[in-house]
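The values are calculated or read from the model by the stated rules, or taken from the named source; none is laboratory data. Everything numeric in this text was worked out from a predicted model, so none of it was measured. Heads up, the Cβs are rebuilt from the backbone with ideal geometry, glycines too, and the neighbour counts pull from every protein chain shown. Note: areas computed on protein heavy atoms with side chains; ligands, DNA, RNA excluded. Shrake-Rupley method; radii C 1.70, N 1.55, O 1.52, S 1.80 Å.
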Amino acid sequence: MKLAMIYSFLKNDLAVIENAVNETIQSDNTVLRQASSQLLQAGGKRIRPVFVLLAGKFGDYDIERMKAVAVSLELIHTASLVHDDVIDEAQLRRGEPTIKARWDNRIAMYTGDYIFARSLENLSALENPRAHQILAKTMVELCLGEIEQIKDKYNIEQDLRTYLRRIKRKTALLIAASCRLGAIAANVDDEQETALYQYGYYVGMSYQIIDDVLDFIASEKQLGKPAGGDLLQGNITLPVLISMEDPYFKKRLETAFQKREEWTTEDLRPLIDTIQTNGSIERSLEISDRYLKKAYQSLERLPANRAKQTLKGIAKYIGKRRA
C-alpha cells in the first residue's frame, strides 16, 4: 500500500494546504518565485502537514487553523532542504536539479531564507504565543542539527549519542512539532498533546534511521540521488557507526577520508559492500524498530478514532520502508 492511501480521507484538506503552500511562496521577483516553486513542484510526501491534520482530529478541528500550522511547517522543511543542498553540494533532489544546481549557492541561500520568512509570516494567522514559541525553538534546534552535521563531517571519533542527538534536531523534532502544533491549533488537552508530541518524536527518529539505511541499500532511481551519497559527503550515519566497531573497517574509512578530495562513489564501493554485509544494516533497523515500538506505546494514551488508526498505519508503513 502506498503511504498516501493510509491518509486518503484527508485528501481534500491536503489539497487546500497544497494550494496555500504554493500561494504563500509566490513573489514579485521572478528568480525568487521560480526558485521557491521549483522544489515544491518536484513533489514530496507532505508528511508534516499530514501529522498536523491528524493531531487536530483529536480536538476542535478547523481547517483554517490547521492550514496556518501545516503550511508553516511544510515551508520550514522545504527551506531546510534548500540549505541542505548548498551545504552538501547536492546536484539532485527527488531526481530533479537542486536550486543551487540550476542557479547558484547565493540564490539558493536567499531562497531558503525567503521561505523561512514566509513560514513565520504565515503562522501569524494563529493567535497563540505558545505555538510561535514552539515553532521558533524548533527552528533553532533544526539549525543546531545542521551545524552539528557540518562540524562532524569526516569525524570518525563521534559516537552513537552524537548521531542520535543530530537526527533528533535535524528530523525528529520537526515531525514532533507538527503533531504538537496541530494539537495546539485544535485545543487538544495537555495529556493527549504530549502523547502526540512523543509519537511524532519517536516516528521521526525511526524515519531518519531508515533513511540513513536506505542510502546504502536502495538504488539511485529509488533515492533520486546517488546511493552512498551520505558517506561520500562525509556524513557518519548509523550503519557506518556500527561498522566502525570493527577497528579494521574504521582504519579503512580513515584512509579513505584522507583521499576525499578526489574520491567518487565507486571509490567507496568496497566500504559500502562491507556495510551491506556486516550486519550493521540489520542492527540499525533494530534500533529503528525500538523507536517505533515507543511510538505505538504513545498512541495507547489517545482515544480511539480514525486519526489514531491512521497514525498507527503510518508508523507501520515507516517500519516496513525498505526501498
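For the pair I150 and F257, what calculated FRET efficiency results from E = 1/(1 + (r/R0)^6), where r is the Cβ-Cβ distance and R0 = 25 Å, to the nearest 0.05? Spell out each step's value before the answer.
Numbers: r = 15 Å, r/R0 = 0.61.
It comes to 0.95.
Within the P(r) computed for the chain, what percentage of the Cα pairs occupies the region above 34 Å? Value for the chain: 22 percent of Cα pairs lie more than 34 Å apart. For the stretch 89-177, evaluate the Debye formula with one uniform point scatterer on each Cα (no solvent term) and list log10 I(q)/I(0) at q = 0.19 Å⁻¹, rounded to two decimals. The computed values of log10 I(q)/I(0) come out as -1.07. Ordering 12-19, 71-78, 118-125 by mean Cβ neighbour count within 10 Å, with the highest value first, yields 71-78, 118-125, 12-19.
Between E300 and D273, what's the calculated FRET efficiency when r is the beta-carbon distance and R0 is 41 Å? Round to 0.05.
0.50
Stokes-Einstein D for the stretch 156-260 at 25 °C, 0.890 mPa s, Kirkwood Rh over Cα pairs, in µm²/s? Walk me through the numbers on the way to the answer.
Working: Rh = 15.6 Å.
D, rounded to a whole number, is 158 µm²/s.
Identify the trypsin sites (Lys or Arg not before Pro) of the stretch 163-264 meeting these criteria: DSSP loop state and at most 15 other C-beta atoms within 10 Å of the C-beta.
Details: sites: R165, R166, K168, R169, K170, R180, K221, K250, K251, R252, K259, R260; in loops: K259, R260.
Here the sparse-neighbourhood loop sites are K259, R260.
With every protein chain in place and a 1.4 angstrom probe, the accessible-area ranking of Y61, Y291, Y199, largest first, reads Y61, Y291, Y199.
How would you classify the stretch 176-323 from its alpha-carbon gyration tensor, with a ≥ b ≥ c the square roots of the eigenvalues: rounded for a/c under 1.5, else prolate if a/b is greater than b/c, otherwise oblate? Because a/c hits 1.5 or more and a/b exceeds b/c, the stretch 176-323 counts as prolate. Under the simplified labelling scheme, the Y248-A101 pair shows an inter-label distance of 3.7 nm, with each label point 7 Å from Cα along Cα→Cβ. With respect to the chain, whose longest principal axis is taken over its alpha-carbon atoms, helix 63-87 is tilted by about 20°. Share of carbon and sulfur in the accessible area of the chain stands at 49%, probe radius 1.4 Å.
Our analysis of the stretch 2-68 gives Rg over Rh at 1.03, with the two radii drawn from alpha carbon positions and Rh computed by the Kirkwood formula.
Listed cross-link partners K170/K320; K67/K312; K11/K100; K45/K170; K11/K308 are compared with a 20 Å cut-off, the Cα-Cα value being larger for K170/K320; K67/K312; K11/K100. Straight-line cross-link partners of K251 among the lysines, defined as a Cα under 19 Å from its Cα and at least 8 positions apart when in the same chain: K153, K259.
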